[in-house]
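**Q** Structure provided below as structure tokens; questions to follow.
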There are 2 protein chains.
Amino acid sequence: MFKKTILSVSALLLSASLSSGVLAQANERDVAAEEANRELVVTFYERFFNAHETEEAAEVIAEDYIQHNPDVPDGKEPFVSYFTGFYADNPESQARIVRSAADGDLVWLHVHSTNGEDDAGEAVVDIFRVEDGMIVEHWDVIQAVPAPFANNNTMF
Amino acid sequence: MFKKTILSVSALLLSASLSSGVLAQANERDVAAEEANRELVVTFYERFFNAHETEEAAEVIAEDYIQHNPDVPDGKEPFVSYFTGFYADNPESQARIVRSAADGDLVWLHVHSTNGEDDAGEAVVDIFRVEDGMIVEHWDVIQAVPAPFANNNTMF
């Protein structure tokens, strides 16, 4: 009886998340479009965050780029000018893409970001939304790589 | 001339990331399998992290679950027993899935995790690898939601 109640709570929660769009992509997948989005975002990312071609790479960033990183204002200009300055001071900064996902209009990147060889760095997931061949929105989650570890697997 | 050199550096970096498997999924997408993985992981997540049915939900976690969260040892048992204790002490803890991606054998979840109504909470991305209907590996990145914000968009 107790178990039944718990299970129906779970079913309720699941249907709430279903209706909020978490699974909404299911019938709308267009793999060719998703792969084009992935290629666009990965190319942008390598040029911007690894080759540090900030101005040139940002040709695919929309002027009214919606920014969810809590430290950066909306728009293309604040994003580009911040990193142009940052890379002038930190030329060794790199952001290695470990894995990616392309689903609907979103491209997700799992990244190991470091600032020089001795830096344990940060684990990052960046999420970019692509619309008509332009990157229009961005979310991220960033965590410093800690030590020690409870397992031997690294964060990547 | 300078620009040409920079661009060839970028092309080199891009081909390095291409060959390392970042885009390897391109020709191997099976949307039906990806959606089955998404449904498995979302159902597990809602039951485990929201309904707190830790023992029951974990029936889809492999015994030798590979753990990349730096604070948790490998295996199903340490993961389940940690959260069973945590939810006994924190019954209001919730983890709202904001969006998800399913690509290859991976399911990615962008989550807002809170511990009670007054908690600004944490932004989380969880990545789960699914093999033969079981969740066999997990990565995450976790960041406390800060204040103040440089934009009005929230982290989600």
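The values are calculated or read from the model by the stated rules, or taken from the named source; none is laboratory data. All of these numbers come straight from a predicted model, not from anything done at the bench. Here Cβ is always computed from backbone atoms with ideal geometry, including for glycine, and neighbour counts include all displayed protein chains. We work out accessible area using only protein heavy atoms, side chains counted, and drop any ligands, DNA or RNA first. Shrake-Rupley method; radii C 1.70, N 1.55, O 1.52, S 1.80 Å.
**Q** Sequence-distant or interchain residues sharing an amide H contact under 5 Å with A:V72, placed H: which?
**A** Hits under the 5 Å cutoff: B:A150.
**Q** Taking the label point 7 Å from Cα in the Cβ direction, how far apart in nm is B:E77 from each other copy of itself, listed shortest first?
**A** 6.0
**Q** Peptides B:74-84, A:83-93: what's the order by average Cβ count within 10 Å, highest mean first? Kindly include the intermediate steps, with their values, before the conclusion.
**A** Numbers: B:74-84: 15.9, A:83-93: 13.2.
Taking the mean over residues of other Cβ atoms within 10 Å, the ranking is B:74-84, A:83-93.
**Q** With all protein chains present, how much of the accessible area of the range B:47-156 (probe radius 1.4 Å) comes from carbon and sulfur, to the nearest whole percent? Working shown, then result.
**A** On the way: 2260 of 4690 Å².
Using a 1.4 Å probe with all protein chains present, the range B:47-156 comes out at 48 percent carbon and sulfur.
**Q** Any chance you could look up the accessible area of B:T43 with a 1.4 Å probe, heavy atoms only, rounded to 10 Å²?
**A** 40
**Q** Let me ask something additional. State, to one decimal in nm, how far the label point of B:E131 lies from the label point of A:A150, with both points 7 Å from Cα in the Cβ direction.
**A** 2.2
**Q** Please work out the Cα center distance from the range B:141-156 to the range B:90-117, rounded to the nearest Å.
**A** Value for the Cα centre distance between the two parts: 16 Å.
**Q** On to the next question. How large is the accessible surface of A:R129 in square angstrom, using a 1.4 angstrom probe and rounding to the nearest 10?
**A** Solvent-accessible area, nearest 10 Å²: 50 Å².
**Q** If you take the accessible area of A alone, add that of B alone, and subtract the area of the pair, what total do you get in Å², probe 1.4 Å, to the nearest 100?
**A** On the way: alone 9950 and 9960 Å², together 14720 Å².
Protein heavy atoms only, the A-B interface buries about 5200 Å².
**Q** Now for a different question. Each residue of the range B:64-69 in turn: what ³J(HN,Hα) in whole Hz from Karplus with 6.51, -1.76, 1.60 and θ = phi - 60°, glycine and Pro shown as x?
**A** With coefficients 6.51, -1.76 and 1.60, one gets 9, 2, 8, 10, 9, 5 Hz.
**Q** Right, next: Between B:I66 and A:D119, what is the label-to-label distance in nm when each label sits 7 Å out along the Cα-to-Cβ direction?
**A** 2.7
**Q** Let me ask another. Over the range B:32-144, what is the mean sequence separation of C-alpha contacts under 8 Å (at least six apart), divided by residue count, expressed as relative contact order in percent?
**A** Details: 204 pairs, mean separation 29.4, N = 113.
Across the range B:32-144, relative contact order equals 26 percent.
**Q** Evaluate peptide B:146-152: per residue, the Cβ atoms of other protein chains within 10 Å of its Cβ; return the mean as an integer. It would help to have the intermediate numbers written out before the result.
**A** Working: counts 2, 1, 2, 7, 8, 11, 4.
For peptide B:146-152, the averaged partner shielding equals 5.
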